[in-house]
Structure formats: C-alpha cells, structure tokens
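Below: one structure, written as structure tokens.
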Amino acid sequence: MTRDNGPLAGRNVIITGASSGIGRAAALAVARKGGTALLLARRADELDRVVADIRDEGGVAYAYPCDLTDTDSVQRTVDQICVEHSHVDMLVNNAGRSIRRSIYRSTDRLHDFERTMAVNYFGAVRMTLALLPHMRERKFGHIVNISSAGVQLSTPRFAAYLASKAALDKFADVAAAETLADGITFTTIHMPLIDTPMIAPTGSRNVVPPASPEWAAATVVRALIERPKRIDTPAGTLAEYGALFVPGLKDRALHRYYRMYPDSPAAKGEAAATTLTEPKARPSQPPSPLERQAKRAVRRIARLVPGTHW
C-alpha cells in the first residue's frame, strides 16, 4: 500500500456511509492512495471491521460512529475529528438511502420521501455546513457528493430517491459558486447502478448490469485527486440531451420501461421472504423480445456517447 508518497498523502478524508458498499470500498481505496480515512456510519462494529481491514493493509483509518440525521451528532463528530486530526481536507458524502416504489403506491407513504431526504439531502448538507467554516479558514477543501445517474435518466419508481439526490446536486452547484474564492471545490458523481445491498430490491429489473463497488471507489478517488466539477456516465449524458431535445420521446421510452418492470414484492407490501426469492426466479425466465431489444438499444447507444468529466 502506497502511503507516504501517494496522491492523497497528508489528506484527511471523511467518508460517510463507510461501513459497507461504496463507502467501504472508497475508504480502502483512499487509504491505498496515502490518505487518512476518517470513517462515519451509525454502526460502530461494522466501522471497526473496515478500520481493521485498512490497517491490516498498512493504511491509516479511524472510525467515528455518527448519525447524519442528527445535527448534534454531526457537530460533535466534526469537532472531535478536528481536535484529533487538526484538520479535514476532503469530504465524501456517500451515505444514502434508496426506495424503489411507484408513485401510485406512494400516495399514502409521504414518509418514504421524508426518509430519503433526511439522509441523502439533509444528512449531506448537515455534514457540509459543519465543515465549511473550517475549510474556509484553511482556504482549502474538496467535497465529493455521490449522486445518481438516475437523476439524469429520471428512472421510474425512484421518485423519492432521485428527488433527494437532485436537491443535493443543486445545493452543490450553488455552494460551489459561493465558495470558489475560498479554495473550496465540489465534485458531483452521477453514479450508475452499483452492486451493493442497497440495490437488492431492484433484483433482475436492471437494463444494464451494475458496476462493482471497487469501480465506484476508483471513481471517488479520481474525484478526490483531480477535483473535476462532475463525473457522469454516457447513459446519463445521453438522457440529459434527450430531455432537452426530445422530451416527449424520452417520456414514452421511460413509460415503456416503467410498464416492463413492475414494483417489487417489498414495494407492494408483501412478505420479506417473497422479496428475497422473486429476483432469483426471474433469470430462469427467458426475456421477452421487447426486453432484449431494449437492452441492446441502451447498450449500443451508451457506447456512442462519451461520459462527462470536467
């Protein structure tokens, strides 16, 4: 493991949601590049396991149990980190909550929207606001927000999740304009689907296979080192242009996708056991001609459109 001369050597990097998935992989990757990984999540035991894995490889990491939905918890954690490590260079707002449920099944579930906003938006904003005065004083700071390519695609059944991520996108855009003279910069990563426990309810309903957490972690490290304004996927870039030039066609295409892939048993309120078994049964069923055509079309078009990284 590279430590003393890595591209993140000397950098103290806070990573939220670091106990599993993208956060865990990003913490390992940051430490391998020489950074000090400061790991935040609610579950202390899982954080300790990640810290142990990093230290076994020769990296530097520390665990800080923290509830991002609680202002006092966030402020205490930030104050403790600043005392123990003198400064924070970078923040990765990774912690997130996803809900896949159609609008018609959400009419009596406003709490779905409140729960996603509490973590994905207010949690990230709470961490950012707590660190901004510290970064401003040092005239340096970089904040990476893990957003979703679904914000660009407007993927059906993810209204609660994508609305919270879209809010964070706009917050970062405004904040970046206001903090530029203070040496504070922002990167928004519109992540594609990543193979983590969070996507389990989606099951086999994915047109494009999910990427690995290690791929996502490499993207986070690139954002920390190069500090671009944003990192997008080809499919996301295509979707944004489609929304500008052929919005009606985009709506029809997404409506067809919506009709092809129904709500999961969990979204319908069915038993948890059904939720686990249903996705496993689908691969044995041959896809319909329409499904095959849709998947081929998406893959071919995505290969023609460059991702955005600037």
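The values are calculated or read from the model by the stated rules, or taken from the named source; none is laboratory data. Because the structure is predicted, anything quoted here is derived from the model rather than measured. Using ideal geometry, Cβ is built from the backbone for each residue, glycine included, and neighbour counts are taken over all protein chains shown.
When the stretch 209-237 is filtered for residues that are of a type in the set (A, V, I, L, M) and under 25 Å from residue 171 (Cβ atoms), the ones remaining, listed by number, are 216, 217, 220, 221, 223, 224, 225, 231, 235.
Here residue 107 clears all of (1) closer than 29 Å to residue 150 by Cα; (2) modelled with pLDDT of 95 or more; (3) among the polar types (S, T, N, Q); (4) surrounded by fewer than 17 Cβ atoms within 10 Å (Cβ to Cβ) except the condition numbered (2). When residue 118 is tested against (1) in a helix (DSSP H, G or I); (2) at positive phi, just one condition goes unmet, and that condition is (2).
Of all the residues in the stretch 25-71, those that are among the hydroxyl-bearing types (Ser, Thr, Tyr) and touching a strand residue (DSSP E or B) at 6+ places or on another chain (Cβ under 6 Å) number 3.
Residues that are of a type in the set (D, E, K, R) and within 15 Å of residue 20 (Cα to Cα) were ranked within the stretch 33-74; the one that is surrounded by the fewest Cβ atoms within 10 Å (Cβ to Cβ) is 45. The single condition among (1) modelled with pLDDT under 95; (2) in a helix (DSSP H, G or I) that residue 28 does not satisfy is (1).
Filtering the stretch 53-74 to residues that are assigned to a helix (DSSP H, G or I), among the aliphatic types (A, V, I, L, M) and under 29 Å from residue 151 (Cβ atoms) leaves only 74. Restricting the first member to the stretch 247-274 and to residues that are on the phi > 0 side of the Ramachandran plot and at pLDDT below 80, and the second to residues that are outside any loop (DSSP other than H, G, I, E, B) and surrounded by 12 or more Cβ atoms within 10 Å (Cβ to Cβ), the beta-carbon pairs closer than 9 Å and six or more apart or on different chains are 269/105. Taking the stretch 75-104 as the range and being surrounded by 14 or more Cβ atoms within 10 Å (Cβ to Cβ), hydroxyl-bearing (Ser, Thr, Tyr) and not in a loop (DSSP other than H, G, I, E, B) as the test, only 77 passes.
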